[in-house]
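**Student:** Let me give you the structure first, and then I'll get to my questions.
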Amino acid sequence: MIISNELRSASDAEIDDSMQYASPMVLRGLLYQLTGDADVIAMPPGTSTKFGTGKEMANEADADLIKAKAAKFLKQCRDSSAGKIDIGPEERLHMSLSLTAGHDIPEGELHIWQEEAAFDRWSRGVRWDETKPSGNREKFKVAVIGTGITGLNVAVQLKRAGIPFVVIEKNPEVGGSWYENRYPGARVDTSSRGYTHLFSYDYPYKHSYCPRDENLKYFKWVADHFEVRENIEFNTEVSAMDWDDDAGIWTLTARGPSGPCSYEVNAVISCVGFLSRPQLPDIDGMDSFEGAAFHTAAWPEGLDIKGKRVAVVGSAASGYQTTPVIAKSAAHTFLFQRKPNWCIEDETYVRTLPPQALWLDRNFPFYSNYVRFRIGALINPDLSKPAITVDPDFDDPHTLSPLNKATRDMCVGFIKRKLASRPDLIEKMIPNFPPMASRPIRVDSNDSVYDALLRDNVSLVTDPIEKITASGIVAGGVEHELDVIAFATGFKANDYLWPMEVRGRDGVRIEEVWAEDGPRAYLGSMIPKFPNLFMCYGPNSNNFGGFTVVDLLELVAQFALRSIAGLIENDQSRVEVTEDGYWRFASILDEAESKMIYMDPRANNYYQHGGRSCVNGPVDIRRMWRWLNDPAGTPAAETDAGLRPYFGEDLMAK
């Protein structure tokens, strides 16, 4: 890392002040890596289970000493004549990463964790084999559908690899869900430091959890900085995809700004996501309402709700996010709730990061790498599994494991503390299913839906909605007069690739392949009878296997990219998963899923569909990492569970 002019000009006081905002656990490993200071090894970590909150070090004196050591090191960097600082000896990495993680990193997993730290920001892209020809890459064209976080990743990686591509986007701007969801209060619930592409791990996010506009700003920056905007066909929506087996070509039928159009490509990478098609309820009289009514994903730009009577219908993430924001402007807000959801409090959720934290990102060598690594380490499979899986020996009427009970107790305690002045609301806000059986909603400790419910201008309505009239909503025999109705009623999460009509070999429709028990995909990406069709954020890719959601999405994209590169290098035209491989992975996935708390029958949400989950990915991400790593490379002699994700084995290439 190059020593910046900003650091060169920093005073001792500026460095000392910034260090007070540093993570001691991040510094613990980073100092050892850069200096070899063995004193930090004996300093025990605290019990904090979440980055940025709680007690990171067991002893505050150790935390202070680590910060003092880090300040001294940074001042030495400032005063030295060196132009840059390197990462230090490779043999220290195992210990340094373990020190920041707070637990020992198994030696056999070190390469996975090094990748997570983004020491090589391009490690999840195409790796051309220098012993094989790749000159005919210009003849192989790829279509990418969608410009959400995965579509942009794929576009950037294809451009860097020199593979021709076109990106087809139905909206007039990049961002996917973050372009569409502009409702008040829209905000990411994954740490923003982990909600970036690996190649942009050091993007200067200003929040711990960025609001919608900041997320969209990042997506626009990616499109512009990596110069992929010129490859995007905006305002163009694909309606059909047809495979020609003789020609080895996909034909995409679409409608763009000038009318109907089509594209012929060798491969398709669909990055449309599963939370992209709004789900509206079927309520008697919906068309009769004379005010403004819309899904939260289609919030009208410029809508002024000041002084209006507003209904929020739905109590999942969007409903709970938008209610407290609407309540601050509207004359009265009504939250229509069929059933409550669990909320996880976070005192940093709506805060901006202090400028000192951003200064550290810019000026402390490799600090951003270790921050990213720390986030992954705190949600690694070994730590997260007890929170999301059933303990068959645990007996409790409300929960399914000791940690699940501890989570429920924490959440109930939060509810009772916040609603102490309104005991009539407490039972109405406690779900009747275990935490993690539905998507938990991260909320701010001091500005959440619970705070909104204490306002005089907010009403919680738990009676079933009977009908919608010209002037409002009738529930429990009472008509609530309204000016605006916002339906926070979720998405068609299980309708993968819908409404596109997709036909593979011999004209088979994708719905026919999925007729047995719903959408599935080999490693979340491939389907038999559909050569050269890859999905990112396809079935069972909503990551529950450790690390972040973005990590699994990048690994699945990497699998698609390296499969395409393998076809080019081997002078082949198509690759397709075998039926046997498809169903063997399905068995592995179903076995893992049978232990997941989200299959609890008391919950009713998009996590479950026809007796299984089509969306969640329960498989340990370390297993997925190995399976998704090198499809066109030399097959390993032995693989986990006998899955063989290689050309010539589970993957038929010709």
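**Student:** Considering the convex hull of the alpha carbon atoms of segment 571-654, report its projected area averaged over all viewing directions, in nm², one decimal. Mind showing how you got there, number by number?
**Tutor:** Values: hull surface 26.4 nm².
Over all viewing directions, segment 571-654 projects a mean Cα-hull area of 6.6 nm².
**Student:** Could you work out how far apart the two model spin labels at Asp17 and Thr578 are, taking each label as a point 7 Å from the Cα in the direction of the beta carbon, and quote it in nm?
**Tutor:** Going by the 7 Å Cα→Cβ label model, 6.5 nm.
**Student:** Please report how far the C-alpha centroid of segment 159-221 lies from that of segment 486-555, rounded to the nearest whole angstrom.
**Tutor:** With segment 159-221 and segment 486-555 each reduced to a Cα centre, they are spaced 21 Å.
**Student:** Then there is this: All other residues with a Cβ under 12 Å from the Cβ of Asp391 taken together, and with Lys, Arg as +1 and Asp, Glu as -1, what is their net charge?
**Tutor:** On the way: positive: Lys385, Lys405, Lys595; negative: Asp393, Asp395, Asp396.
Local net charge: 0.
**Student:** Could you provide, to the nearest whole Å², the per residue accessible area of the chain with probe 1.4 Å? Please list the in-between numbers first.
**Tutor:** Working: 26100 Å² over 654 residues.
Here the residues of the chain average 40 Å² of exposed surface.
**Student:** Please report, in whole Å, how far the alpha carbons of the chain spread along each principal axis, starting with the longest.
**Tutor:** Between the extreme Cα coordinates on each principal axis of the chain lie 73, 70, 54 Å.
**Student:** Over all pairs of distinct alpha carbons, what does the Kirkwood formula give as the hydrodynamic radius of segment 104-214, in Å?
**Tutor:** Working: mean 1/r = 0.0607 Å⁻¹.
Mean inverse Cα-Cα distance, inverted, gives 16.5 Å.
**Student:** Still on this structure, please answer the following. Please say if segment 394-454 is rounded, prolate or oblate, where rounded means a/c under 1.5 for a ≥ b ≥ c the square roots of the C-alpha gyration tensor eigenvalues, and otherwise the choice is prolate for a/b larger than b/c and oblate otherwise?
**Tutor:** Working: a/c = 2.28, a/b = 1.76, b/c = 1.30.
Verdict is prolate for segment 394-454.
**Student:** Further question: Once you have a ≥ b ≥ c as the square roots of the Cα gyration tensor eigenvalues for segment 180-322, tell me rounded if a/c is under 1.5, and otherwise prolate or oblate according to whether a/b is larger than b/c. Spell out each step's value before the answer.
**Tutor:** Details: a/c = 2.30, a/b = 1.29, b/c = 1.79.
Oblate, since a/c reaches 1.5 and b/c is not below a/b.
**Student:** Still on this structure, I have one more. Long-range amide H contacts for Glu233: which residues qualify at under 5 Å (H placed 1.01 Å from N, peptide plane, sequence gap of 5 or more or a different chain)?
**Tutor:** For Glu233, the qualifying residues are Val167, Ile168, Glu169.
**Student:** With each pseudo-label sitting 7 Å past Cα toward Cβ, what's the Ala240-Arg277 distance in nm, one decimal?
**Tutor:** Each label point lies 7 Å from its Cα, and together they span 1.7 nm.
**Student:** I would also like to ask the following. Could you give the length gained by full extension between Arg422 and Ile344, i.e. 0.36 nm per residue of separation minus their alpha carbon distance, to one decimal place?
**Tutor:** Numbers: separation 78, 0.36 × 78 = 28.08 nm, distance 1.98 nm.
Taking 0.36 nm per residue and subtracting the Cα distance, the gain is 26.1 nm.
**Student:** A follow-up question, please. Once phi is turned into θ = phi - 60°, what whole-Hz ³J(HN,Hα) does the Karplus curve with 6.51, -1.76 and 1.60 give for every residue of segment 403-415, x standing for Gly and Pro?
**Tutor:** Working through the residues one at a time gives 5, 4, 5, 4, 5, 4, 4, 5, 5, 5, x, 4, 4 Hz.
**Student:** Report the residues of segment 104-128 in range of a label on Ala38: point 7 Å along Cα→C-beta, backbone N strictly under 20 Å from it.
**Tutor:** 104-105
**Student:** Report the trypsin sites (Lys or Arg not before Pro) located in segment 301-334 that are in a DSSP loop and have at most 13 other Cβ atoms inside 10 Å of their Cβ, or state none. Kindly include the intermediate steps, with their values, before the conclusion.
**Tutor:** Details: sites: Lys306, Lys308, Arg309, Lys328; in loops: Lys306, Lys308, Lys328.
Counting only loop positions with at most 13 other Cβ atoms within 10 Å, the trypsin sites (Lys or Arg not before Pro) in segment 301-334 are Lys306.
**Student:** Here is a follow-up. Hey, can you grab everything whose amide H is under 5 Å from the amide H of Ser459? Only 5+ residues off in sequence or another chain; H modelled, so Pro and N-termini drop out.
**Tutor:** Thr333, Phe334, Leu335
**Student:** Further question: In the neighborhood of Phe433, defined by Cβ-to-Cβ distances under 9 Å, what is the net charge if each Lys or Arg adds +1 and each Asp or Glu adds -1?
**Tutor:** Local charge sum for Phe433: +1.
**Student:** Tell me what the chain gives for mean residue ellipticity at 222 nm when only DSSP H runs of n ≥ 4 count, each as -39,500 (n - 2.57), the sum divided by the residue total, rounded to 500 deg cm²/dmol.
**Tutor:** Helices in the chain give a 222 nm mean residue ellipticity of -9000 deg cm²/dmol.
**Student:** Ok, one more. For Glu290 and Val478, what does the FRET efficiency come to when R0 = 22 Å and r is the distance between their Cβ atoms, rounded to the nearest 0.05? Let's see the in-between values first.
**Tutor:** Details: r = 19 Å, r/R0 = 0.86.
Computed FRET efficiency for Glu290 and Val478 comes out at 0.70.
**Student:** May I ask you to list the residues of segment 546-583 whose amide nitrogen lies under 12 Å from a point 7 Å from Cα along the Cα→beta-carbon direction of Asp129?
**Tutor:** Zone members listed by number: 563, 565-572.
**Student:** A follow-up question, please. If you keep only loop residues by DSSP, which GluC sites (Glu not before Pro) in segment 299-408 have at most 15 other Cβ atoms within 10 Å of their Cβ?
**Tutor:** Numbers: sites: Glu301, Glu345, Glu347; in loops: Glu301, Glu347.
Here the sparse-neighbourhood loop sites are Glu301, Glu347.
**Student:** Tally Lys and Arg at +1 and Asp and Glu at -1 over the other residues with C-beta under 9 Å from the C-beta of Thr251: what net charge comes out?
**Tutor:** -3
**Student:** Sticking with this structure for a sec: Once you put a point 7 Å from the Cα of Glu638 and another 7 Å from the Cα of Asp213, both along the Cβ direction, what distance in nm separates them?
**Tutor:** Placing both labels 7 Å beyond Cα along the Cβ direction yields 5.7 nm.
**Student:** Related question: Ordered by residue, what ³J(HN,Hα) values in Hz, to whole numbers, does segment 523-538 give under the Karplus form 6.51 cos²θ - 1.76 cosθ + 1.60, where θ = phi - 60° and Gly and Pro are x?
**Tutor:** 6, x, 10, 10, 10, x, 6, 10, x, 6, 10, 10, 10, 10, 6, x
**Student:** With all protein chains present, how much of the accessible area of the chain (probe radius 1.4 Å) comes from carbon and sulfur, to the nearest whole percent? Before the final figure, lay out each step's value.
**Tutor:** Working: 12730 of 26100 Å².
Here it works out to 49 percent.
**Student:** On a straight-distance basis, which lysines could pair with Lys595 in a cross-link, Cα separation under 28 angstrom, same-chain partners fewer than 8 positions away excluded?
**Tutor:** Lys50, Lys339, Lys385, Lys405, Lys492
**Student:** Next question. Along each principal axis of its Cα atoms, how long is segment 612-654 end to end? Whole angstroms, biggest number first, please.
**Tutor:** Cα extents, longest axis first: 33, 21, 16 Å.
**Student:** OK, next. Give a residue-ordered list of calculated ³J(HN,Hα) values for segment 484-490 (Karplus: 6.51 cos²θ - 1.76 cosθ + 1.60, θ = phi - 60°; whole Hz; x for Gly, Pro).
**Tutor:** Running phi through 6.51 cos²θ - 1.76 cosθ + 1.60 with θ = phi - 60° gives 9, 10, 10, 8, 9, 10, x Hz.
**Student:** Would you pull out the residues with amide H under 5 Å of Gly148's amide H, same chain only if 5 or more places away, H placed 1.01 Å from N?
**Tutor:** Close amide H contacts, sequence-distant or interchain: Gly175, Gly176.
**Student:** How do Ile430, Ile15 rank by accessible surface area computed with a 1.4 Å probe, from largest to smallest?
**Tutor:** Working: Ile430 25, Ile15 0 Å².
Listed by decreasing accessible area, they come as Ile430, Ile15.
**Student:** Figure the gain on full extension for Asp517 and Asp79 (residue separation times 0.36 nm, minus the Cα-Cα span) and round it to one decimal in nm.
**Tutor:** Numbers: separation 438, 0.36 × 438 = 157.68 nm, distance 6.46 nm.
My answer for the length gained is 151.2 nm.
**Student:** Fully extended, how many nm does the chain gain between Ala61 and Asp396 (0.36 nm per residue separation, minus their Cα-Cα distance)? Provide the component values of the computation, followed by the final result.
**Tutor:** Values: separation 335, 0.36 × 335 = 120.60 nm, distance 4.03 nm.
Result: 116.6 nm gained on full extension.
**Student:** May I ask you to derive the FRET efficiency for Glu301 and Leu358 from their Cβ-Cβ distance with R0 = 25 Å, giving the value to the nearest 0.05? Mind dumping the intermediate values first?
**Tutor:** Working: r = 30 Å, r/R0 = 1.19.
Once rounded, the FRET efficiency stands at 0.25.
The values are calculated or read from the model by the stated rules, or taken from the named source; none is laboratory data. Fair warning: this is a prediction, and the values are worked out from it, not measured in the lab. Here Cβ is always computed from backbone atoms with ideal geometry, including for glycine, and neighbour counts include all displayed protein chains. When the accessible area is computed, the model is the full protein with side chains, heavy atoms only, and any ligands, DNA or RNA have been set aside. Shrake-Rupley method; radii C 1.70, N 1.55, O 1.52, S 1.80 Å.
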